[in-house]
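Working notes for the structure below.
The values are calculated or read from the model by the stated rules, or taken from the named source; none is laboratory data. All values derive from a computational prediction rather than experimental measurement. Note that each Cβ is placed from the backbone with ideal geometry, even for glycine, and that neighbours are counted across all protein chains shown. Just so you know, the surface numbers come from the protein's heavy atoms only, side chains and all, with ligands and any DNA or RNA stripped out. Shrake-Rupley method; radii C 1.70, N 1.55, O 1.52, S 1.80 Å.
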Amino acid sequence: MHATYTYPKYAFRRPAELDAPAGGAPRRVPLVVVGAGLVGLTAAIDGATRGLPVVVLDEEDTVSLGSRAVCHAKRTLEILDRLGGGVGQRVVDKGVSWNVGRTFHGEREVFSFDLTPEGTQRRPGLVNLQQYWIEQYLVERAHELPSIDLRWLSKVVQVTPGPDGARLEVETPDGRYTLLADWLVVADGARSGIRRQLGLDIEGKVFQDRFLIADIVLERELFPADRTERRFWFQPTFFGGQSALLHREADNVWRLDFQLGWDADPEEEKKPERVMPRVRAALDGQGFQDVGFELEWASVYAFQCRRMKRFRHGRVLFVGDAAHQVSPFGARGGNSGIQDTDNLMWKLALVMQGRAPEALLDTYDSERTEAADENILNSTRATDFMTPKSKVSKLFRQAVLSLADETPCGRALVNSGRLSVPTLHRNSPLSTPDAPGADFAGWMLPGAPADDAPWPATEGGGWLLERLGDGFVLMLFSDAPDAAQRQAIEQLGRGEVPVRTLLVAPQGAAAERYDARPGTCYLMRPDQIVAARWRTLD
């Protein structure tokens, strides 16, 4: 197999706990994150940038094998930007930006979409980049932060929760030790050993179908650089299965997904002698008979749409695939996991610093279970459409695909995986409804993630989200606050949880996107979600 990526090996460092005097009390630390994957590293870095000391435990000594979470949405890129160290920019520079998706039935195109963000935005709609690259960038960022203690080859074999935290038994190459954590964030993946050991249920549906992922390295580009696109086929002529997918990744790696059926043997199907002919047929079927390739990685997976009933269990908090799982079509796994940490870590920091009650963490549970339900609903609908099992479902899909050529309503019903968008938390207790008569237009409702906008060049240029940062911010659309407003701004900045005021021009792109008039103000949460908005500041 050809390899475009050299997997780093991170050294095991003997922890001080192994050399503690026998019979002494175990060491207690404020926060432990279990899992140094995409989600766990994001949580640890977010916590460290908010002043929290973090111990990160991972049983491996390198990044994830294979492309895995490959499609990263605009919202995720904006979150990575806030982690510092240029992580978001590195992902954009290395990855493949794209906005256009095309769906075919056989050889006939039946549906297409364009996710180009509305107006001028700093980040593209989607960037394709193999998960191992992003994890490497996150590890390098973690190493820049002295408050992160990143421990490789450290497997958590036992967790005992208690009212004041959790007791962890950690197995290492040099022996076992005990660690006490005031708070525990569990990011150990879909097969979470901690979730199973604690006997916590994960409920939902496992779809009886299997898909093959093949990462291939091509000898040359398939499309011009300005025509990068996602292609999806129902009943492709080059493959006997029900569907197939083609994505471009970094380093001229391309990802192909093939629907195999439930009876497929996972171990047999990922062998090169089974994978290579399928890839060759797919390339030939698209007119690329002259393009050679090498196989980089292959895996077989089944669809699962499941979640834990609750993500918070006292001082043990579950994030990412440990808490919820969806099918990969729609790019909802890695994106939703990073959004979990974005929602959680500012709340956890306030609680750990004694500036908010523990009840604030209940809103992590309510908001992110809402998001998981939304993702599961969309993922289940896509999976049912792509892998119909009943006679009625098959007839419905065939009718939709037949209509798609003829009517817009038919095209709208074609479902090859609605792509990830952030959840609107309108009903959250942290979202204050508009006052009667506020008369706001647009999508910047309480509970919505902030929309970016270019910052005026006359004021230094850049982007609105850069100016917002990651604390509580009052966006005041005003050129010159009056005396009463200046007094209010000063008082907000002196609070126990300070609120910084950002003056925004009451005209221009930002004002248009936020339906702002002179005097309009928005209260933004640290995760850049709208908490409330008013027409005047009082």
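Which of the strands (runs of 3 or more DSSP E) found entirely inside segment 64-160 contain at least 2 residues meeting this: modelled with pLDDT under 95 and closer than 30 Å to residue 407 by Cβ?
Answer list for segment 64-160: 71-73, 100-105, 108-114.
Residues in segment 223-242 that are closer than 21 Å to residue 277 by Cβ and at pLDDT below 80: 241, 242. Taking segment 237-262 as the range and being without any contact (Cβ under 8 Å) to a residue 60 or more places away in the chain, part of a loop (DSSP other than H, G, I, E, B) and either in contact with a helix residue (DSSP H, G or I) (Cβ under 8 Å, 6 or more places away or on another chain) or closer than 25 Å to residue 376 by Cβ (or both) as the test, the residues that pass are 238, 239, 241, 260, 261, 262.
Take residue 62 and decide whether it is touching a strand residue (DSSP E or B) at 6+ places or on another chain (Cβ under 9 Å) and of a type in the set (S, T, N, Q). No; evaluated as a whole, the condition is false for this residue.
Of all residues in segment 122-150, those that are without any contact (Cβ under 8 Å) to a residue 60 or more places away in the chain have Cβ atoms under 8 Å from Cβ atoms of residues that are in a helix (DSSP H, G or I) and among the aliphatic types (A, V, I, L, M), 6 or more apart or on another chain, in 124/77; 124/92; 127/77; 127/91; 127/92; 137/87; 137/91.
Within segment 446-462, residues that are without any contact (Cβ under 8 Å) to a residue 12 or more places away in the chain reach partners that are part of a strand (DSSP E or B) and open to solvent by 20 Å² or more (accessible area, probe 1.4 Å) with beta carbons closer than 9 Å, at six or more positions or on different chains, in the pairs 461/454; 462/454. Scanning segment 5-32 for residues that are free of Cβ contacts under 8 Å to residues at least 24 places away in the same chain and in a loop (DSSP other than H, G, I, E, B), we see that the one that is least open to solvent (accessible area, probe 1.4 Å) is 24. Just for segment 190-236: of the residues that are outside any helix (DSSP H, G or I) and small (Gly, Ala, Ser), which one is surrounded by the most Cβ atoms within 10 Å (Cβ to Cβ)? Top of the filtered list is 214. For residue 170, indicate whether it is among the aliphatic types (A, V, I, L, M) and exposed (fewer than 15 other Cβ atoms within 10 Å of the Cβ). In short, no. Looking only at residues in segment 339-382 that are more than 17 Å from residue 309 (Cβ to Cβ) and in contact with a strand residue (DSSP E or B) (Cβ under 7 Å, 6 or more places away or on another chain), which one is surrounded by the most Cβ atoms within 10 Å (Cβ to Cβ)? Of everything passing the filter in segment 339-382, 379 is surrounded by the most Cβ atoms within 10 Å (Cβ to Cβ). Identify the residue in segment 383-429 that is surrounded by fewer than 17 Cβ atoms within 10 Å (Cβ to Cβ) and polar (S, T, N, Q) and, among all such residues, is modelled with the highest pLDDT. Across segment 383-429, the extreme among qualifying residues is 427. Cβ-Cβ distances below 9 Å connect the following pairs, each with a first residue in segment 181-204 that is over 15 Å from residue 57 (Cβ atoms), a second residue that is among the aromatic types (Phe, Trp, Tyr) and not in a loop (DSSP other than H, G, I, E, B), and a separation of six or more residues or different chains: 195/318; 200/318.
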